[in-house]
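Everything below concerns the one structure shown next.
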Amino acid sequence: MSEALTDTTSAATEVPDYPMPRSTGCPFAPPPEALRLGRTKPLNRVRIWDGSTPWLVTGYAEFKSLMSDPRVSVDDHRPGFPHWNEGMAAIVDSRPKSLFTTDGEEHSRYRRMLTKPFTFKRVEALRPVIQQITDEHIDRLLAGPQPADLVEALALPVPTLMISEMLGVPYEDHEFFQKHATVNVDRYATKEQAAEGRAGLARYLVDLVKKKLESPAEDVVSDIAERVRAGEIDMKEAAQLGTGLLIAGHETSANMISLGALALMRNPDQFALLRDTEDPKIVVNAVEELLRYLSIIQNGQRRVAIEDIEIAGETVRAGDGLIFDLAPANWDEKAWEQPDRLDLRRPAGQHLGFGFGPHQCVGQQLARAELQIVFRTLVRRIPTLRLALPFEEIQFKHDRLAYGLYELPVSW
C-alpha cells in the first residue's frame with residue numbers, strides 16, 4: 001500500500017498502487033485487491049507510476065456508463081490522462097493522432113477507414129482460410145515431438161498469419177514486427193525503448209505504404225495508402241493506423257488462444273463440453289465466456305474526464321484520469337452469478353472483453369472467428385491434450401499489456 005494522500009482522499013484512506021499483482025493461487029482471476037475494491041465501491045482512487053491518482057473503474061455498470069459518456073476522452077494529449085508507463089508518456093507529443101487517441105467525429109473518420117475489412121461479412125468469408133491455417137499448424141504439432149509449445153506451434157502463428165494477410169504485411173517479416181511490437185506492449189518499457197520500438201514500426205509501415213502506393217493489392221495497407229493518395233491522412237497517420245492494427249491483431253489473439261487453452265485444460269468438464277458438442281451456438285458462447293473469464297487486457301483502458309461527472313456517489317472532476325479495468329468488471333458479482341466459475345453455457349455475450357462504447361475493438365469480429373475456429377478444432381483434433389509440466393511452473397505474462405503465457409508445453 002502507498003502512503004495516504006491528503007489532496008484527493010481523506011488522511012485515513014490508503015491508495016493502492018496500480019497495476020496490481022495477480023493471485024498466485026488462481027492466476028486466471030483478476031487481481032485480488034481490484035476485486036476487493038470493487039466489492040466496496042465501483043470507483044476507487046489508485047496510484048500509478050508517476051504518483052498521480054486516477055480513478056479505477058471496476059463496476060460493470062459504471063464501466064459501460066462512463067465508456068459511452070462523451071465527457072470521457074481517450075485523447076492522451078489532455079492534462080490528467082493516466083499514461084500507462086513513462087515510455088508512452090514521453091512519446092505522446094511526437095506521435096500522430098489516430099483511431100486510438102481521438103474522440104467524436106475525428107475518431108469516427110479514422111474508424112470508417114478501417115471498417116471495411118473487419119465487417120462481419122468480410123470476416124465470415126475468411127473462415128475457410130482461418131480453418132485451413134489452423135489445421136495445418138495442428139498437423140505440424142501432431143507430427144512433431146512431445147512435449148510441444150502450444151504458443152509457438154499454434155497460438156502465435158495463426159493470428160499473426162491472419163493479420164499479416166489482411167494488412168498485406170509479408171509474413172517473412174513477422175519476427176521483426178513481433179520484436180518491436182513487444183516493446184510497445186511492455187508495461188516496464190523505458191522512454192528510450194518505447195521510442196525505439198515505435199520508430200522502428202513506423203519506418204517499416206511508411207516503407208510498406210509507399211510500396212502499396214506503387215503496387216496496390218486487396219489488403220488493408222493498400223486501403224490506407226489510398227487514403228494518403230486522396231489527401232485524407234498523411235504518411236505518419238497512415239503508419240500509426242497500420243502499427244496499431246499490427247500490434248493489436250496478433251498480440252491479443254495469441255494470448256487469448258494460449259490462456260484459453262490452459263483454462264480449458266484446467267476445467268476438464270468444460271473442455272469435454274466444447275469437444276463433444278455439435279451445437280455451433282455453444283461454440284460461439286464458449287468464446288464469449290472465455291473472453292469474460294480471462295479478460296486479458298490487464299493494464300486498464302485509459303481515459304480522462306473533460307467535464308465533471310456524478311456517478312455512483314462520486315464526483316469525477318474534469319481533468320481526472322480514469323482507468324477501466326476489464327477483469328474485475330467482468331467478474332462483478334452484481335452483473336454475473338458466480339463470476340469466478342468458467343461456464344461455457346453461461347450467456348456471456350455482454351462481457352467487456354473488447355471494451356465498450358465507440359472505442360470498442362475494431363477487429364473483434366476477426367478475433368471471434370479465430371478463437372471459435374482454433375478452440376473448437378484444437379479440442380476435437382487433440383481430445384487428450386494435457387499440460388506437460390506442473391501448473392505451478394507455468395510462466396504468466398505479468399509485464400505486458402495483454403495477459404498471457406510465454407510458453408505452454410503440452411502433450412497428448
note = Long-range share for the stretch 219-273, i.e. C-alpha pairs more than 16 Å apart as a percent of all pairs, stands at 58 percent
ask   = With every protein chain present, what accessible area does THR315 have (1.4 Å probe, heavy atoms only), rounded to the nearest 10 Å²?
value = 40 Å²
Accessible surface of SER52 - all protein chains present, 1.4 Å probe, nearest 10 Å² = 50 Å²
remark   = Here the percent of antiparallel bridges among DSSP beta bridges lying wholly in the chain, to the nearest 5, is 85 percent
task = Could you go through the stretch 112-121 in sequence order and give the Karplus-derived ³J(HN,Hα) for each residue, using 6.51 cos²θ - 1.76 cosθ + 1.60 with θ = phi - 60°, rounded to whole Hz, and x for Gly and Pro?
result = 4, 5, 10, 5, 3, x, 10, 5, 4, 5
request  = Report the relative contact order of the chain, percent, no decimals, based on alpha-carbon pairs under 8 angstrom and at least 6 residues apart.
outcome  = 24 percent
inquiry  = Using the Karplus curve 6.51 cos²θ - 1.76 cosθ + 1.60 with θ = phi - 60°, what ³J(HN,Hα) values do you get for each residue of the stretch 236-250, in whole Hz, with x for Gly and Pro?
reply    = 5, 5, 4, 5, 5, 4, x, 4, x, 5, 5, 5, 5, x, 10
request  = Taking a cut-off of 15 Å between Cα atoms, list the aspartates and glutamates near LYS41, but don't count ones fewer than 8 places away on the same chain.
outcome  = GLU14, GLU33, GLU62, GLU310, GLU314, ASP325, ASP332, GLU333
query = Which residues' amide hydrogens lie under 5 Å from the amide hydrogen of LEU322, considering only partners 5 or more residues apart or on another chain, with H built in the peptide plane?
reply = TRP55, ARG303, VAL304, ALA305
query = Of VAL374, VAL304, PHE354, which is farthest along the charge dipole of the stretch 300-379 in the positive direction, counting Lys and Arg as +1 and Asp and Glu as -1 at C-beta?
reply = VAL374
task = Can you sort GLU237, GLU218 by 1.4 Å-probe accessible area, starting with the largest?
result = GLU218, GLU237
note = Magnitude of the Cβ-charge dipole (Lys and Arg +1, Asp and Glu -1) of the chain about the Cα centre, nearest 20 debye, reported as 620 debye
³J(HN,Hα), Karplus 6.51/-1.76/1.60, whole Hz, each residue of the stretch 49-55, x for Gly, Pro = 4, 8, x, 6, 10, x, 7
ask   = What pairs in LYS116/LYS334; LYS97/LYS281; LYS64/LYS116 have C-alpha atoms more than 30 Å from each other?
value = LYS116/LYS334; LYS97/LYS281
message = Give me the percent of accessible area attributable to carbon and sulfur for the chain, probe 1.4 angstrom.
response = 51 percent
task = May I ask you to give the solvent-accessible area per residue for the chain, in square angstrom, as obtained with a 1.4 angstrom probe?
result = 43 Å²
note = In nanometres, the difference between 0.36 nm per residue of separation and the alpha-carbon distance of TYR171 and GLN364 is 67.3 nm
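The values are calculated or read from the model by the stated rules, or taken from the named source; none is laboratory data. Keep in mind the model is a prediction, meaning the values are calculated, not measured. Cβ coordinates were reconstructed from backbone atoms using ideal geometry, including for glycine residues, and neighbour counts include every protein chain displayed. Just the protein is used for accessible areas: all its heavy atoms, side chains included, with ligands, DNA and RNA removed. Shrake-Rupley method; radii C 1.70, N 1.55, O 1.52, S 1.80 Å.
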